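Notes follow once the structure below has been shown.
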Amino acid sequence: MTHRLHRRDLLKAAGVVAGAGLIPVACRSEGSDGAETALTGGEELLFKISLAQYSLHRAYEANEADPLDIAATTRQEYGLDGVELLNRYYTTEVQQTDGLAELKRRADGEGVECLLIMCDDEGDLGDPDDAGRTTAVENHYKWVEAAAYLGCHSIRVNARSGGDLDPAEQQRMAADGLRRLGEFGDQHGIDVIVENHGGMSSNGQWLAGVMEMAAHARVGTLPDFGNFRVSYEPEEWYDRYQGVAELMPYAKAVSAKSHNFDENGNCVETDYLRMMRIVLDAGYRGYVGIEYEGPVLSEPDGIRATKALLERVRDELAPDYA
């Protein structure tokens, strides 16, 4: 039975003390500059943890935070050194000459790495109409260039196509758009990675098939732990563990989605220990991005709870992958 707790109980279970950060874990602590520091004789961490900017979308929508401050927030509030940006917050900057210079200056000053830009609302890369598909591909060019300027490794895109098309035809269209964008990304040293993000893209087998059809070294996936709802009416979910396992061979980033936590600080929707075994067994050792979207904890507390859970899982799994 799932128990819903009061906010104070949730924070305690997740190892969060309001206003005081995290309770230290035995083989890890916060460095004096706020960065995550390994205390294992100089050994590298099994994986590093980053922050998806979308975790703070409510604060941005309420005008309670400035997107240009994301690097300082990532470092000073959460002790992390990697961030995944969201394009909607930088549409003005990307249209200006050197408009992203301030964002880069602040990130460099904080020692925070801009890992990728999540790109939405630029058209369907699998649009059944050739002209529409071309427009969607070209709409993403500016974000590829912005990602290269900021030192990112990727842009995250969607693999939407025509909902009325046969799934195999949707695959073909999406693979074509992704391959073409991947060719442009290759000119700038930027990968083009697809998140399971609703519709057919939340079917792991379908999206893995798109990767095979695109057949480009710059095209890959960003498996998200939670985005496996294939349809709303009727509601249909793809098995998240199977889906992540199917997408991990193409993964260039990973998103740790979280909503609610139980009394032990575990994510109610996803078994993080099981999921991270799938991720690590695939040979992935990159950043795992916190993407908190829950309704109970505040955004800052939800981010800290997710971080505490990832750290605990990392500590538990480290001996198995030494």
For segment 50-76, pairs from a residue that is farther than 19 Å from residue 91 by Cβ to a residue that is modelled with pLDDT under 95 and surrounded by fewer than 24 Cβ atoms within 10 Å (Cβ to Cβ), with Cβ under 6 Å and 6 or more apart or across chains, are 75/34; 76/34
Flag if residue 165 is open to solvent by less than 30 Å² (accessible area, probe 1.4 Å) and within 26 Å of residue 134 (Cα to Cα): no
Across segment 263-322, what is the number of residues that are over 16 Å from residue 224 (Cα atoms), open to solvent by 60 Å² or more (accessible area, probe 1.4 Å) and acidic (Asp, Glu)? 4
Would you be able to say whether some residue in segment 151-172 is closer than 27 Å to residue 90 by Cβ and assigned to a helix (DSSP H, G or I)? no
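For every residue, the table says whether it meets (1) of a type in the set (A, V, I, L, M); (2) out of contact with any Leu (no Cβ under 6 Å at 6 or more places or on another chain).
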{"site": "123", "(1), (2)": "no, yes"}
{"site": "132", "(1), (2)": "no, yes"}
{"site": "135", "(1), (2)": "no, yes"}
{"site": "143", "(1), (2)": "no, yes"}
{"site": "164", "(1), (2)": "no, yes"}
{"site": "168", "(1), (2)": "yes, yes"}
{"site": "186", "(1), (2)": "no, yes"}
{"site": "192", "(1), (2)": "yes, no"}
{"site": "204", "(1), (2)": "no, no"}
Result of the Cβ filter at 7 Å on segment 197-223, keeping first residues that are of a type in the set (Lys, Arg) and in a loop (DSSP other than H, G, I, E, B) and partners that are open to solvent by 30 Å² or more (accessible area, probe 1.4 Å) and modelled with pLDDT of 95 or more, at least 6 apart or interchain, is 218/186
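For a quick check of your reading: which helices (runs of 4 or more DSSP H) sit entirely within segment 50-150 and have at least 1 residues that are out of contact with any His (no Cβ under 7 Å at 6 or more places or on another chain) and buried (at least 23 other Cβ atoms within 10 Å of the Cβ)?
101-110, 130-139, 141-150
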Assigned to a strand (DSSP E or B) and open to solvent by 30 Å² or more (accessible area, probe 1.4 Å) - does that describe any residue in segment 236-253? yes
Is segment 40-52 home to any residue that is modelled with pLDDT under 95, closer than 21 Å to residue 289 by Cβ and touching a strand residue (DSSP E or B) at 6+ places or on another chain (Cβ under 8 Å)? yes
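Residue-wise test of (1) over 20 Å from residue 80 (Cα atoms); (2) in a loop (DSSP other than H, G, I, E, B); (3) over 16 Å from the mean Cα position of the chain (by Cα).
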{"site": "257", "(1), (2), (3)": "no, no, no"}
{"site": "264", "(1), (2), (3)": "yes, yes, yes"}
{"site": "273", "(1), (2), (3)": "yes, no, yes"}
{"site": "289", "(1), (2), (3)": "no, no, no"}
{"site": "294", "(1), (2), (3)": "yes, yes, no"}
{"site": "300", "(1), (2), (3)": "no, no, yes"}
{"site": "303", "(1), (2), (3)": "no, no, no"}
{"site": "312", "(1), (2), (3)": "no, no, yes"}
{"site": "315", "(1), (2), (3)": "no, no, yes"}
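The values are calculated or read from the model by the stated rules, or taken from the named source; none is laboratory data. Everything quoted here is computed from the prediction, not taken from an experiment. For neighbour counting, all protein chains shown are included, and Cβ atoms are generated from backbone atoms with ideal geometry for every residue, glycine included. Just so you know, the surface numbers come from the protein's heavy atoms only, side chains and all, with ligands and any DNA or RNA stripped out. Shrake-Rupley method; radii C 1.70, N 1.55, O 1.52, S 1.80 Å.
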